[in-house]
Amino acid sequence: MNEKRAREQLSRRQLLKLGGQGALLVAAGSLLPGTIARLASRLNSNEARAARSSPGLAAPASSGPAAPASSPVIVPKRLVATDGFIKLIGREENPLYVFGFREADVGAPISGLDGLKGHVQAPAPLIWVDEDDELHLTVTNIGLVVRPDLDDAHTVHWHGFRNQITIMDGVPEVSIAIPPGRDFPYIYRPREEGTYLYHCHFEDVEHVQMGMVGIVFVRPAQNKTPINEGEKYAYNDGDGSTRYDREFALLMQDVWTTPHDNLAAIQETVWSDFDADYWVINGRAYPDTLKPNNNGLETGADPDLESQPISSLIQANEEEMVLLRLVNLGYEQHAMQLAGIPMKVIGEDATWLGPKGSGNAAYFQPMRGDTTYFTNVVDIGPGESRDVLFQAPPYLGDGSAPDVYLFKNRNLTKLVNAGAPGLGGMATEVWVYAEGTVGAQEYPNQTDITL
């Protein structure tokens, strides 16, 4: 018995010691299958559930064997990591070289994914799950086309996520890094709703700037038992104060084109010389931010934006409540201004700012006052997220066109596209229509350019 216990303890110590050499674990194929199986099993254990209880809520005392919990809904997703090019206004004849993730068939063998090489998406696909669902995210490194000599590993780090174990956190020093030709199954059980961000954490200064970034958000359990039938909420508010009709996810980045060009040309970059020359929302600079989604579902898509499929155009009927999920995955502070429409900041970094201490105890932390606030300018720093509500104002037009409100970076130096004339950079628009004009939203960021 003592000999068996000693072997088990050695195995655990070896795993921890080798945690910083995750790429070697994957490449060698040793230890990994058994390790992942044990970790997946522990994620569903009663002990793990108690450890992931909401902060500020004491776990109930045990009075005997715990009753079996209902099985979570499994949400399977797959991302592949590769490279490619994106369009920037002013560089139409010289597309920008980037790295990125794109969605792929969950069940396809790695050898069947070669057709996706070089077909990058920037930013990465939007990911959303319901609170308490289980996200099974397989990430496959299929390699690079422009620089096949680079054997960079990749990870996914869910920034701000309250993770139980480091192996799922994506920081290569303490988890798993994925070399070319291999994949890794991440498992997440989100307990706290709100807007998060995800990015590659391998050589993260370079890989984040190169485009391996995306938005992930968790919808609250309150949606499944709404206060009023059919309502949608940003948070478990208990009173419907975070209700919305439409949602739009906007990822802001500052782009320094020098390292992108240097990588394509096999040249070095001095990163301390960082000097951004483009500012984008969802990978596009204004006015490309207004073009429809390039997802095969909407008309009027620009084929030159195939690698930048996510639109930033905000459309709503008058009086509707609009939720903006704002994420900054650049290196600079941004101040986003919506002139003429007051905005209410209801969440920061996936944390609800409303009052806590009433309503369903499972959703609330100890007492806290209401810290939501109204503003016309939202400040957001690097690696931060904001959840913002606004009500579309009454429609003032004659029915021939929408009312237009500009949502832009307040810093005028970030509203340019290199040497191209006119307004550019980190800007988009809010289009407001008469009641009943825009149909119900079927997915985030949905646009109807035909209106």
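Quick note: the coordinates plus some simple rules give every number you see, no bench work behind them. Values in this document were obtained by computation on a predicted structure and should not be read as measured data. Neighbour counts run over all protein chains shown; Cβ positions are idealised from the backbone, glycine included.
Here are the numbers for the structure shown:
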read-out: For Glu384, residues with placed amide H under 5 Å, excluding near neighbours; value: Asn328
read-out: Paramagnetic label zone (point 7 Å from Cα along Cα-to-C-beta, Ile449; backbone N under 12 Å) in the range 271-294; value: 288-294
read-out: Length-normalised contact order for the range 245-433 - Cα pairs under 8 Å, 6+ apart - percent; value: 28
read-out: Stokes-Einstein D (µm²/s) once Rh is taken as the Kirkwood radius of the range 78-160 over alpha-carbon pairs, at 37 °C in 0.692 mPa s; value: 232
read-out: For q = 0.20 Å⁻¹, Debye-computed log10 I/I(0) when each Cα of the range 195-321 counts as one equal scatterer; value: -1.19
read-out: Reference-scaled alpha-carbon Rg (2.2 N^0.38 Å with N residues) for the range 245-433; value: 1.15
read-out: Residue pairs, from the table Lys77/Lys356; Lys77/Lys408; Lys224/Lys408; Lys224/Lys414; Lys77/Lys232, whose Cα atoms sit over 31 Å apart; value: Lys77/Lys356; Lys77/Lys408; Lys224/Lys408; Lys224/Lys414
read-out: Cα-projected label distance for Glu92 with His119, points at 7 Å along beta-carbon direction, nm; value: 2.6
read-out: Computed FRET value (nearest 0.05) for Ala418 with Glu103, which takes r as the C-beta separation and R₀ as 25 Å; value: 0.25
